Amino acid sequence: VQPISVGTAMFAKDVGSLSAQNLIVVGGPCVNDVAAQLMGNPADCTEGFEEGKAFIKLYENGDKVAMLVAGAEALDTRRAARVVANYGEYQSEFSGKEEVVVTGQSTSFTDTVVSTPTTE
């Protein structure tokens, strides 16, 4: 685990090239331009998102990697961000995966579940 100093945080407008650095991108494509770029600038920024569900997904950018942490609602994104912040508690769910789904409804985050996305 590599700690990230707080001084390295920046707004989406301050990110130049997606392939210039490793990134942790917080927020979905409706609210974060970098997230939209990672996801291919979808015409419908809400597509694939639903209340109570968030995604943590890795995107390769040349030699760099971007991790997207995004949900349909702010609470969903916060839940996924807490999973990343508490990686040790969820390490087995992440192992070998490029994407996980984080679900739950509780505002206290006591019902958080991390799983592999299902294909429909």
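The values are calculated or read from the model by the stated rules, or taken from the named source; none is laboratory data. Not measured: the values here are computed from a predicted model. Please note: Cβ atoms are built from the backbone with ideal geometry, for glycine as well, and neighbour counts cover all protein chains shown. For the accessible areas, the whole protein counts, side chains as well, though only heavy atoms, and no ligand, DNA or RNA atoms are used. Shrake-Rupley method; radii C 1.70, N 1.55, O 1.52, S 1.80 Å.
Brief remarks follow.
- Val114 under 20 Å from Ala9 (Cβ atoms) and touching a Phe, Trp or Tyr at 6+ places or on another chain (Cβ under 6 Å): no
- The number of residues in the stretch 35-59 that are open to solvent by 40 Å² or more (accessible area, probe 1.4 Å) and farther than 23 Å from Thr118 by Cβ comes to 3.
- Pick from the stretch 17-34, criterion surrounded by 14 or more Cβ atoms within 10 Å (Cβ to Cβ) and of a type in the set (A, V, I, L, M, F, W, C), ranking: nearest to Asn61 (Cα to Cα): Leu18
- When the residues of the stretch 60-75 are filtered to those that are open to solvent by less than 20 Å² (accessible area, probe 1.4 Å) and aliphatic (A, V, I, L, M), the one that is farthest from the chain's Cα centre (by Cα) is Ala66.
- Which listed residue, of Phe55, Phe49, is in a loop (DSSP other than H, G, I, E, B), within 17 Å of Val102 (Cβ to Cβ) and touching a strand residue (DSSP E or B) at 6+ places or on another chain (Cβ under 9 Å): Phe49
- Considered as a group, the residues in the stretch 76-108 that are of a type in the set (Phe, Trp, Tyr) and touching a strand residue (DSSP E or B) at 6+ places or on another chain (Cβ under 9 Å) include one that is surrounded by the most Cβ atoms within 10 Å (Cβ to Cβ), and that residue is Tyr90.
- If you go through the stretch 36-46 and keep only what is free of Cβ contacts under 8 Å to residues at least 12 places away in the same chain and either part of a loop (DSSP other than H, G, I, E, B) or on the phi > 0 side of the Ramachandran plot (or both), you end up with Gly40, Ala43, Asp44.
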